[in-house]
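Peer 1: The following block contains the structure, expressed as structure tokens.
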Amino acid sequence: ERNWDLREKKVELQGYWVHVTPPGEVTQYHHHKPSLFSGVYYVDKPKDSGDLVFIDVNPYHAFSPRVLPGTTDPITRQEYNFPADDGTMLIFPGWLPHKVARNNSDRRRISISFNTI
């Protein structure tokens, strides 16, 4: 729950599409500006078929300390993976850059994505 007051804002579906991702495919970083929200619903998400990955656009990360090789730190990392299963829906700001990691499974991944204005 976000406590956003959308009573004065009429949120409308701007568009939607089905994405069938074959094995080996990757989706490069992109955003959905000027959409208010974007989202994805996973119809068929095989194991190892690629997570949704968001990039932290905080410009101050350039001043953060680097982590030791082979380690991670949730405070200073710049990419955030969101693993999902069949039936998962993720909704996020349309301006947030994201990509979909490589489908390393031997099956296609099927998702439905959408934008709102």
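The values are calculated or read from the model by the stated rules, or taken from the named source; none is laboratory data. All values derive from a computational prediction rather than experimental measurement. Heads up, the Cβs are rebuilt from the backbone with ideal geometry, glycines too, and the neighbour counts pull from every protein chain shown.
Peer 1: Can you tell me which residues in the range 60-117 are small (G, A, S), loosely packed, with under 12 Cβ neighbours inside 10 Å and either in contact with a Leu (Cβ under 6 Å, 6 or more places away or on another chain) or under 15 Å from G39 (Cα atoms) (or both)?
Peer 2: Residues of the range 60-117 small (G, A, S): 62, 64, 70, 84, 87, 94, 101, 105, 111, 113.
Okay, now just the ones that are also loosely packed, with under 12 Cβ neighbours inside 10 Å, so 62, 70, 87.
Passing the criteria: only G87.
Peer 1: Kindly indicate which of D48, D73 is free of Cβ contacts under 8 Å to residues at least 40 places away in the same chain, more than 30 Å from K10 (Cβ to Cβ) and not polar (S, T, N, Q). Give the steps one after another, and end with the answer.
Peer 2: Numbers: D48 fails: free of Cβ contacts under 8 Å to residues at least 40 places away in the same chain.
Selected residue: D73, the only one of D48, D73 that is free of Cβ contacts under 8 Å to residues at least 40 places away in the same chain, more than 30 Å from K10 (Cβ to Cβ) and not polar (S, T, N, Q).
Peer 1: So for the range 95-104 (the condition being part of a strand (DSSP E or B), more than 24 Å from V11 (Cβ to Cβ) and at pLDDT 90 or above), does at least one residue qualify?
Peer 2: Yes, because at least one residue in the range 95-104 is part of a strand (DSSP E or B), more than 24 Å from V11 (Cβ to Cβ) and at pLDDT 90 or above.
Peer 1: Turning to a different aspect of this structure: Determine if the range 59-78 includes at least one residue that is under 30 Å from D106 (Cα atoms) and either at pLDDT 95 or above or among the acidic types (D, E) (or both). Quick ask: steps written out before the conclusion?
Peer 2: Just the residues of the range 59-78 that are under 30 Å from D106 (Cα atoms), to begin with: 70-72, 77-78.
Next cut, either at pLDDT 95 or above or among the acidic types (D, E) (or both) only: none.
Taking every residue of the range 59-78 in turn, none turns out to be under 30 Å from D106 (Cα atoms) and either at pLDDT 95 or above or among the acidic types (D, E) (or both).
Peer 1: Now for a different question. Anything in the range 37-48 that is out of contact with any Phe, Trp or Tyr (no Cβ under 9 Å at 6 or more places or on another chain) and not aromatic (F, W, Y)? List them, or say none.
Peer 2: Here is the first cut: in the range 37-48, the residues out of contact with any Phe, Trp or Tyr (no Cβ under 9 Å at 6 or more places or on another chain) are 42-48.
Scanning the range 37-48 gives V43, D44, K45, P46, K47, D48.
Peer 1: Across the range 21-36, what is the total count of residues that are closer than 29 Å to R107 by Cβ and either of a type in the set (D, E) or out of contact with any Asp or Glu (no Cβ under 9 Å at 6 or more places or on another chain) (or both)? First the steps, then the outcome.
Peer 2: Step one: list which residues in the range 21-36 are closer than 29 Å to R107 by Cβ, which gives 21-32.
Within this subset, residues satisfying the condition of being either of a type in the set (D, E) or out of contact with any Asp or Glu (no Cβ under 9 Å at 6 or more places or on another chain) (or both) are 21-22, 24-32.
The qualifying residues number 11.
Peer 1: Test of understanding: among T72, T88, T76, which residue is closer than 20 Å to V26 by Cβ and either out of contact with any helix residue (DSSP H, G or I) (no Cβ under 6 Å at 6 or more places or on another chain) or not basic (K, R) (or both)?
Peer 2: On the way: T72 fails: closer than 20 Å to V26 by Cβ; T76 fails: closer than 20 Å to V26 by Cβ.
Every option except T88 fails the conditions.
Peer 1: Take W17 and tell me if it is loosely packed, with under 13 Cβ neighbours inside 10 Å and assigned to a strand (DSSP E or B).
Peer 2: Numbers: loosely packed, with under 13 Cβ neighbours inside 10 Å: yes; assigned to a strand (DSSP E or B): yes.
Criteria met by W17.
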